[in-house]
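A short write-up of the structure that comes next.
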Amino acid sequence: MLILRLAAQLAVIAQAPDTAAACEAVEVSVLVRAPGRVLPTLSTPSLRPFDVLRHSLARVEYRADGSGIQAEFRITLTTDQLGTHRIAPFEARVDEQTTRSAPIALTVRQARSRGRPTVVARARIDTSILGSPRSGPSADRVYVGQQATYEVAVFLNQPARERLRRNPTF
């Protein structure tokens with residue numbers, strides 16, 4: 001009976017690597033298990049000094065007997081601030097139950113290359129959460145001699161924005 005009661009409880013586990021290089025994309029995985037078939041609400045703590053590159057619900061699994069659900073959330077972060085940073089616990093809620101994960105400690109070390117700032121090339125930026133500055137219908141075809149508009153968006157973190165002396169040009 002005790003085993004059934006433990007399996008029916010709400011649980012949340014957060015994982016991340018222990019160390020990362022500055023400006024490197026780091027993936028935090030948050031696994032939530034809950035009784036029933038209702039997807040728990042996940043509250044994300046303040047992630048400063050990290051910048052969120054992507055936040056998504058990676059997968060959802062239901063137990064065949066309908067007694068529980070398991071969901072995995074993935075958050076891709078980066079920062080240029082060196083040192084050991086603490087990510088506060090994530091909180092999951094379903095009905096009247098609430099539980100928290102253990103905090104995460106992540107040490108950010110100097111990147112191996114020196115000189116210009118490292119560009120985060122492997123990270124996918126989720127532009128759906130940022131909204132589009134201007135969205136219009138896109139053409140399926142462009143003909144020779146026809147004018148076409150090409151729109152580029154650049155997303156910079158706060159320290160990079162502060163270092164800009166003029167607007168970027170292409």
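Table for the structure above
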quantity: So A58, is it part of a loop (DSSP other than H, G, I, E, B), hydrophobic (A, V, I, L, M, F, W, C) and surrounded by fewer than 17 Cβ atoms within 10 Å (Cβ to Cβ); calculated: no
quantity: Residue selected from the range 22-33 under the condition modelled with pLDDT of 90 or more and of a type outside the set (D, E), by the criterion farthest from the chain's Cα centre (by Cα); calculated: R33
quantity: Residues of the range 155-170 classified as part of a loop (DSSP other than H, G, I, E, B) and either open to solvent by 100 Å² or more (accessible area, probe 1.4 Å) or among the hydrophobic types (A, V, I, L, M, F, W, C) (or both), total; calculated: 8
quantity: Lone qualifier among T78, T107, T44 - being hydroxyl-bearing (S, T, Y), closer than 28 Å to A160 by Cβ and in contact with a Cys (Cβ under 8 Å, 6 or more places away or on another chain); calculated: T78
quantity: Residue that is surrounded by the most Cβ atoms within 10 Å (Cβ to Cβ), among those in the range 66-92 that are out of contact with any strand residue (DSSP E or B) (no Cβ under 7 Å at 6 or more places or on another chain) and touching a residue at least 40 places away in the same chain (Cβ under 8 Å); calculated: D80
quantity: Sole exception among (1) surrounded by fewer than 16 Cβ atoms within 10 Å (Cβ to Cβ); (2) farther than 19 Å from L106 by Cβ; (3) over 20 Å from the mean Cα position of the chain (by Cα); (4) at pLDDT 85 or above for D95, by number; calculated: (4)
quantity: Residue count, the range 7-48 (criterion: outside any loop (DSSP other than H, G, I, E, B) and open to solvent by less than 30 Å² (accessible area, probe 1.4 Å)); calculated: 10
quantity: Residue within the range 80-90 that is under 21 Å from A21 (Cβ atoms), in contact with a Phe, Trp or Tyr (Cβ under 9 Å, 6 or more places away or on another chain) and part of a strand (DSSP E or B) present; calculated: yes
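The values are calculated or read from the model by the stated rules, or taken from the named source; none is laboratory data. The model shown is predicted, which means the values in this text are computed figures rather than measured ones. So basically every Cβ, Gly included, is an ideal-geometry build from the backbone, and we count neighbours across all protein chains shown. Side chains included, ligands, DNA and RNA excluded: accessible areas come from the protein's heavy atoms. Shrake-Rupley method; radii C 1.70, N 1.55, O 1.52, S 1.80 Å.
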